[in-house]
1. Have a look at Q9, Q32 and point out the one that is of a type in the set (S, T, N, Q), surrounded by 17 or more Cβ atoms within 10 Å (Cβ to Cβ) and part of a helix (DSSP H, G or I).
2. Given the criterion at pLDDT 95 or above, surrounded by 15 or more Cβ atoms within 10 Å (Cβ to Cβ) and among the β-branched types (V, I, T), identify the matching residue among T2, T49, T43.
3. Where residues in segment 12-29 are part of a helix (DSSP H, G or I) and of a type in the set (D, E, K, R), which of them is farthest from A72 (Cα to Cα)?
4. Of the residues that make up segment 84-93, is at least one exposed (fewer than 10 other Cβ atoms within 10 Å of the Cβ), modelled with pLDDT under 95 and not in a loop (DSSP other than H, G, I, E, B)?
Amino acid sequence: MTFIEFKKQLLDAEISLPKFSKLIKVSEKNIQSYKKKGEVPNTIAVIATCFATMHKQDLDYRATIEALGLEAKIKKGAGFAKKEPKEKKGADVLDGNKAV
């Protein structure tokens, strides 16, 4: 699905992109990145299409999704976490020189 088709599905579902991303617990920045690619992943396309279809049938998709209790994933990339200082093995450090 193209990003433009995706945005049309969101319009049919009467949900903005920021509210969509918040509802499904995916960062808005992540979803906006698909605009550059021109296409959205299949899972995002399916979700948007289901939301639009449910809305047309007067089904409250928001309550259904909120009931799932989804949680946003937290980045665990290297360089972002606070690191514990490494313990030195074997020798003590005295005045900048290693004791033997």
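The values are calculated or read from the model by the stated rules, or taken from the named source; none is laboratory data. Here the structure is a predicted model, which means the values were calculated and not measured. Every residue, glycine among them, receives a Cβ derived from its backbone with ideal geometry; neighbour counts consider all protein chains shown.
1. Exactly one of Q9, Q32 is of a type in the set (S, T, N, Q), surrounded by 17 or more Cβ atoms within 10 Å (Cβ to Cβ) and part of a helix (DSSP H, G or I), namely Q9.
2. T49
3. Of everything passing the filter in segment 12-29, D12 is farthest from A72 (Cα to Cα).
4. yes
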